[in-house]
Amino acid sequence: MHFRPRTILGQVFPFQAAAVDVNGDHKLDIIVADNQYSRIFVLTNNGTGQFTVEPYIQAQAGLISFAVVDANNDGAPDIMVGTYATNLLQVLTNNGAGVFSAAEEIQDSQPATFLASADVNQDNRLDVIAAHYNFTASVFTNALFFPAPMLRIRATSTNSAILNWPLYGTNYLLQQNTNLATTNWVTISNSVDILTGTNQVVLPRQPGSRFYRLVK
């Protein structure tokens, strides 16, 4: 058995790496964490062992650990980040094409010095185990990562309504109904924009009452 070393990522301070298919092309890519500048690098694989360094993801300050987990159950691997500077776990969600963006943060009891992912409750979803400096650990089961997304609605001065909900709810459908006594919910086909970290839809004002909901 013979391995040949080859530098594919220079001028960083890597301390942790993982191999996972981030873009759904059935080729193992590489995720590398740089704790000097709290950056996450994704290196995509062309299938011959040649890797392309994608633009880095800026994580929260004090990056010290990460784990790969499908945080929003959309089938794409996301990244959960722990830091020594805060008790919050940052979630970077994957759009399925290997592009990650910061989503919600999850409260832990202590800064997470090491994160690992495993299905601890046999529900076929990866959960997260966070280890702490003070000889304790937390277990976050996947169902608790994100609650059902809250839909917010506000009227504008231009006779339109703005509806927005968290990014982790991207796989939810926005529906409307004119009468809550019926089941005539209709999926809204307007384009969804991503603005200031949320999904957003702008709808023109319509006569009568309108009720809205998010469904999977």
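The values are calculated or read from the model by the stated rules, or taken from the named source; none is laboratory data. All values derive from a computational prediction rather than experimental measurement. Glycine gets a Cβ as well: all are built from the backbone with ideal geometry, and neighbour counts include every protein chain shown. For the accessible areas, the whole protein counts, side chains as well, though only heavy atoms, and no ligand, DNA or RNA atoms are used. Shrake-Rupley method; radii C 1.70, N 1.55, O 1.52, S 1.80 Å.
Give the residue, chosen from Leu115, Leu43, that is closer than 23 Å to Phe13 by Cα, in contact with a strand residue (DSSP E or B) (Cβ under 8 Å, 6 or more places away or on another chain), without any contact (Cβ under 8 Å) to a residue 40 or more places away in the chain and part of a strand (DSSP E or B). From the options Leu115, Leu43, the qualifying one is Leu43. Scanning the range 149-160 for residues being open to solvent by 80 Å² or more (accessible area, probe 1.4 Å) and either on the phi > 0 side of the Ramachandran plot or within 15 Å of the chain's Cα centre (by Cα) (or both) gives a total of 1. Of the numbered criteria (1) out of contact with any Asp or Glu (no Cβ under 9 Å at 6 or more places or on another chain); (2) not in a strand (DSSP E or B), the one Arg125 fails is (1). The sole residue among Gln107, Gln60 that is closer than 21 Å to Tyr168 by Cα, of a type in the set (S, T, N, Q), at pLDDT below 90 and in contact with a Ser or Thr (Cβ under 6 Å, 6 or more places away or on another chain) is Gln60. Just so you know, in the range 51-63 the residues that are outside any loop (DSSP other than H, G, I, E, B) and open to solvent by 40 Å² or more (accessible area, probe 1.4 Å) include one that is nearest to Asn35 (Cα to Cα), and it is Gln58.
Applying a threshold of 7 Å to beta carbon distances and a minimum spacing of six or more residues, or different chains, the list of pairs starting in the range 194-215 at a residue that is within 22 Å of Ala181 (Cβ to Cβ) and β-branched (Val, Ile, Thr) and ending at one that is open to solvent by 80 Å² or more (accessible area, probe 1.4 Å) and assigned to a strand (DSSP E or B) reads Val215/Leu173. Just so you know, in the range 161-216 the residues that are small (Gly, Ala, Ser) and surrounded by 12 or more Cβ atoms within 10 Å (Cβ to Cβ) include one that is nearest to Ala103 (Cα to Cα), and it is Gly197.
Tell me, yes or no, whether the range 19-36 has at least one residue that is modelled with pLDDT of 90 or more, outside any loop (DSSP other than H, G, I, E, B), more than 30 Å from Ala137 (Cβ to Cβ) and touching a Lys or Arg at 6+ places or on another chain (Cβ under 9 Å). Scanning the range 19-36, I find no residue that is modelled with pLDDT of 90 or more, outside any loop (DSSP other than H, G, I, E, B), more than 30 Å from Ala137 (Cβ to Cβ) and touching a Lys or Arg at 6+ places or on another chain (Cβ under 9 Å), so the answer is no. Scanning the range 128-148 for residues that are open to solvent by 20 Å² or more (accessible area, probe 1.4 Å) and part of a loop (DSSP other than H, G, I, E, B) gives Tyr133, Asn134, Phe135, Thr136, Thr141, Phe146, Pro147, Ala148.
In the set (1) closer than 23 Å to Gln60 by Cβ; (2) not in a strand (DSSP E or B), the condition left unmet by Asn164 is number (2).
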